[in-house]
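What follows is calculated from the coordinates using simple rules that are stated; it is not laboratory data. Just so it is clear, the structure is predicted and the values come from calculations on it, not from any experiment. Heads up, the Cβs are rebuilt from the backbone with ideal geometry, glycines too, and the neighbour counts pull from every protein chain shown.
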Amino acid sequence: MMLTEEQLTEFASNFVKVIPHCLHLNMSLIKADHDGIELELPYDGRLVGNPETGVIHSGAITTLMDSCCGLAVFTRMEQLEACPTLDLRIDHMTAAEPGKPVRAFAEAYHITRSMVFTRGVAYQESRDKPVAHAVGTFMRVGRNSMKLMQEHFQ
Amino acid sequence: MKPPKEHQGFARIIKEARDSRDYSILTNGIPYASLIGMQCMPMGDDVLFTLPNQMTNIGNPILPAIHGGVIGGFMEMSAALHLMLFMDELRLPKIIDFSIDYLRSGQPKDTYAHCEVCRQGARVANVAVTAWQSKKELPIAIARGHFKLSKGRS
C-alpha cells in the first residue's frame, strides 16, 4: 500500500522545515498528494544572481527542483526510503520575474525496484508558463536507510 | 564594443577582478554566491572555485550531506564566472540548460570546482564542471551546461 496523502503531507511539510538549506531559503509546502508535490520558494534578495536585474540565480531553481523532485519520489512509495539524486537536468525557459515567488510542481512518472524517474516544472503565473523544466532520476537504496531519517522527522 | 549603460556597473567589477586577480569582489558582489559562501581564487593561469563547508548548505542532516541543489548552484555559478573571467564576457551569461550527475554524496567539508569550456561559439558556450572534495580524481559531481553569451548583440 502506498503512503497515504496525510502521511505524504506530514512528511513533506516537515522535510522543508528540517532540511537546513530548504529552511534557509524559507521553502514551504503548498500541496502533497499522489499526483505530485508542490513547493514554493519566496523571492529573496539573498538569492539574486544578477545584481543588475534582481533576477534570482539558477542555483535557487536547481535547489527548489531537486527538493521537489526528491519529495515526489515518495508519492509512489509504500514506505519512506532514502533516495539520493543520481542526476538532475534543468532547462531554463526564461528568467524568473523578480519580486515574485517561484513555485515548483514535480511528479514521479515511473518507479522500478531500484530507480524513481521524476519530472517537474518551476513557474510563477501558472503551470503552463514554466520558468524551468526539470528531470531527475533517483536511486532507491532500501527501506532501512530511512529509519533514522523517519525518527528525525517526527 | 561598449556594453550598454545599464551594464557598466557590473562590467567594471568584472574588469577590476580580472585585472587585480582579486576575485572576492566578484563573489561578494553576487548575493547568491555570498549566500552559499562560495569563493574564487587564482590557480596559476586558471581559477579554482571553492565552497567552504557551512551548516546552512546541508540537505541531509542525517548523513550529513550537502544539498544537491547547492552543489548544482555552486557548479552553475562557477561556470558563469569562469566564462566572465576568461571569455571576454562582461555580463553574467544566461543559463540555457544544466545537467548534473551526482557521483558521491557531498560530505560536510570544503568542496572545489574546476571548469572547462568545451566549445565557445558566438552565441553559446558549452562548459563542463567537475566538483570534488578530497581528491580531484574522486569527483562528487560532474556537470555540463550551455550558456547564452552577450556577444554579437547589445
Running a GNM on chain A with Cα contacts under 10 Å, which residue among A:D44, A:D33, A:D87 ends up with the highest mean-square fluctuation?
A:D87
State to the nearest 20 debye the size of the charge dipole of chain B about its Cα centre, where the only charges are +1 on K and R beta carbons and -1 on D and E beta carbons.
460
Cα-centre dipole for the protein assembly as shown with unit charges at Cβ (Lys and Arg positive, Asp and Glu negative), debye to 20
700
What pairs in A:K100/B:K94; A:K129/B:K109; B:K109/B:K148 have C-alpha atoms more than 28 Å from each other?
A:K129/B:K109; B:K109/B:K148
How large is the dipole of region A:82-139 about the Cα centre if only Lys and Arg carry +1 and Asp and Glu carry -1, each at its Cβ, rounded to the nearest 20 debye?
120
Evaluate E = 1/(1 + (r/R0)^6) for A:H34 and B:D97, where r is the Cβ-Cβ distance and R0 equals 22 Å; express this FRET efficiency to the nearest 0.05.
0.15
Under a plain spin-label model, where a point goes 7 Å from the Cα along Cα-to-Cβ, how far apart in nm are B:M55 and A:T53?
3.5
